[in-house]
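The values are calculated or read from the model by the stated rules, or taken from the named source; none is laboratory data. Computed from a predicted structure; not experimentally measured. Because the Cβ atoms are built from the backbone with ideal geometry, glycine has one as well, and the counts that use them run over all protein chains shown. Areas reflect the complete protein model, heavy atoms only, side chains present, ligands, DNA and RNA absent. Shrake-Rupley method; radii C 1.70, N 1.55, O 1.52, S 1.80 Å.
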Amino acid sequence: MEPNDTIPAAPEASAAVPAHRPRPRGRTTLIIAAAALLGIVGGVAVGYGVQAEREPTPLAALSQPGLGYPAKPLSADRAPAPLPAAQDRRVRTDGDLRKLLVDRPKGAKKTLIDELGLGDGWEPIDQYAEMKFENPHHMFEAMAERGLRRVASTSWDQGKYRNTEVHLLQFRSGDLLGAAEHIDGQLMYMPRDESGAGNTGDAIKGSREGRYFLYPVDRKPGYLPFYRARALAVRGDIALDISISDTSPISKKDIRTLAERQLERL
C-alpha cells in the first residue's frame with residue numbers, strides 16, 4: 001500500500017436492533033383457562049335459559065296400577081300358612097323372657113338373685129352390673145346406651161358349695177345390635193389374666209361367637225380354693241351370660257352343656 005493512499009473509514013455501526021422479549025411464562029395457559037371458564041359459564045347460562053323457557057314436566061303418579069307384587073292375590077289354597085308361634089323367635093322372645101330360662105337340674109335348690117327377695121326371675125339392671133363387674137357404673141351406662149331392655153335370671157345351688165347363675169339380657173332391636181356389642185366387649189377382655197379367665201376359651205356349639213371359659217383356681221391362705229367357669233353367647237337380641245362357682249374343679253362339660261341347653265331355648 002502506497003503512503004498517500006488513505007485507509008477507508010470503517011463503516012458506521014448499524015443501529016442497534018432491539019432484542020426480542022420472550023412472552024412471560026404462564027400467560028398462554030391463563031388465556032386458555034380464562035376462555036374455557038367463559039365457555040362453561042356461557043354454556044350454563046344458555047342451558048338454564050333454555051330450560052327456564054320449557055313447560056314444567058308433570059311428575060309420575062305416586063300410586064300406579066299394576067306395580068304391586070304379586071299382580072293378583074294368591075288363592076287360599078296356594079297362600080303360605082302363617083309361621084307357627086313355636087317357630088317364630090320374635091313371638092317367643094318378646095313374650096315372657098323368664099320362660100326361656102333353662103330349667104335347673106333335678107335336686108338343685110333354687111336361690112334368689114334379686115336383692116328384693118322376690119324370686120320372680122326379673123333382675124334389676126343396676127344389680128346385674130353391680131354383681132358382675134368391677135366398674136358397675138360404667139357398665140350400667142354402657143348397657144343403657146346399647147339399649148338394654150330387661151334382664152331375666154335364675155340361680156341354683158348343688159352340693160355343698162356349687163352355685164350356678166344364668167342371665168338373659170335382652171336389648172332393643174335396631175341399628176345398634178346391642179346384644180352382639182355387649183358380648184363382643186366381654187369376650188375381648190376374657191383372655192386377660194388380670195380381669196378375665198386368662199385364656200381364649202372354647203367355642204359353644206350352635207353359636208357363631210359364643211365361648212365358654214374355665215378360670216385358674218384362686219387359692220388364698222385360710223380359705224377353700226375357688227373355681228369359676230363362664231359362658232357368653234348371643235342369639236338375636238338376647239345376650240347369654242352363665243357363671244358357675246365351686247370349691248371343687250369345674251369340668252368343661254358342665255359349663256358347655258349348660259350353655260348349649262340354654263341356647264336351644266332361645
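When the Cα atoms of the range 124-263 are enclosed in a convex hull and the volume is divided per residue, what value in Å³ results?
Working: hull volume 15.7 nm³, N = 140.
It is 112 Å³ per residue.
Using a 1.4 angstrom probe on the protein heavy atoms only, could you order Trp122, Trp156 from most to least accessible area?
Of Trp122, Trp156, the descending order of accessible area is Trp122, Trp156.
Could you calculate the FRET efficiency of Ala33 with Leu176 from 1/(1 + (r/R0)^6), where r is the beta carbon distance between them and R0 is 45 Å, rounded to 0.05?
On the way: r = 51 Å, r/R0 = 1.12.
Once rounded, the FRET efficiency stands at 0.35.
Any lysines with Cα under 26 Å of the Lys253 Cα? List them, leaving off those in the same chain fewer than 8 positions away.
Lys99, Lys106, Lys109, Lys110, Lys132, Lys160, Lys205
Want the number for Asp77 to Asp202: 0.36 nm per residue separation, take away the alpha-carbon distance, what's left?
Values: separation 125, 0.36 × 125 = 45.00 nm, distance 4.84 nm.
Length gained between Asp77 and Asp202: 40.2 nm.
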